[in-house]
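Input: a single structure, listed below in structure tokens.
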Amino acid sequence: MALGKRNKVSAEFSMSSLTDIIFLLLIFFMLTSSMVQITVDLPDSDSKTVAPIDMAVQMTNGGKVTFNGNVVSLKNLEKLVAYEVRHSDNKENATLSIIAEKGVPWKDVNKVMAVAAGLKLKAIMATQARK
């Protein structure tokens with residue numbers, strides 16, 4: 001009895017090389033996205049609403065940050081805001097107003113927003129009137 005040879009083509013696809021490529025692309029985009037600095041102009045507004053100001057953070061293009069009129073660093077800002085909230089009469093509705101000059105990097109404004117979110121405060125972005 002003679003057995004015949006089978007010439008069957010395998011229809012399988014090797015996924016190992018595809019997953020390697022996907023991981024390399026993922027690493028590439030993660031590294032390059034952290035290097036890209038995005039500068040966003042903060043918005044102008046037509047609103048005439050005046051919001052209550054419990055605490056104010058002012059930011060300038062030069063990197064100067066002030067909290068309630070005192071110059072602070074972004075690293076110490078969370079401690080100072082937490083201290084102010086603890087000693088405030090309005091703990092439930094405490095509001096942090098962010099007053100940022102046009103051209104301040106958005107990542108710095110985002111850090112202040114993260115501080116407010118971490119302390120469960122309302123954050124209000126002060127805008128300038130449209131001309």
For the stretch 44-129, the dipole about the Cα centre with charges only on Cβ (Lys and Arg +1, Asp and Glu -1), to the nearest 20 debye, works out at 260
Amide H neighbours of Asp54 at under 5 Å, excluding residues fewer than 5 places away on the same chain, with H built from the backbone geometry, are Thr95, Ser97
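Let me spell out the model: positive unit charges on the Cβ of Lys and Arg, negative unit charges on the Cβ of Asp and Glu, origin at the Cα centre of the stretch 86-131. What dipole size does that give, in debye rounded to 20?
About 140 debye.
I want the local charge near Asp54. Using Cβ-Cβ distances under 12 Å, sum +1 for each Lys or Arg and -1 for each Asp or Glu among the other residues.
Working: positive: Lys91, Lys122; negative: Glu84, Asp89, Glu92.
Its environment carries a net charge of -1.
Values quoted throughout were computed directly from the atomic coordinates according to the rules given, and no laboratory measurement underlies them. Small disclaimer: the values here were computed from a predicted structure and weren't measured. Virtual Cβ from ideal backbone geometry, glycine too; neighbours counted across all protein chains shown.
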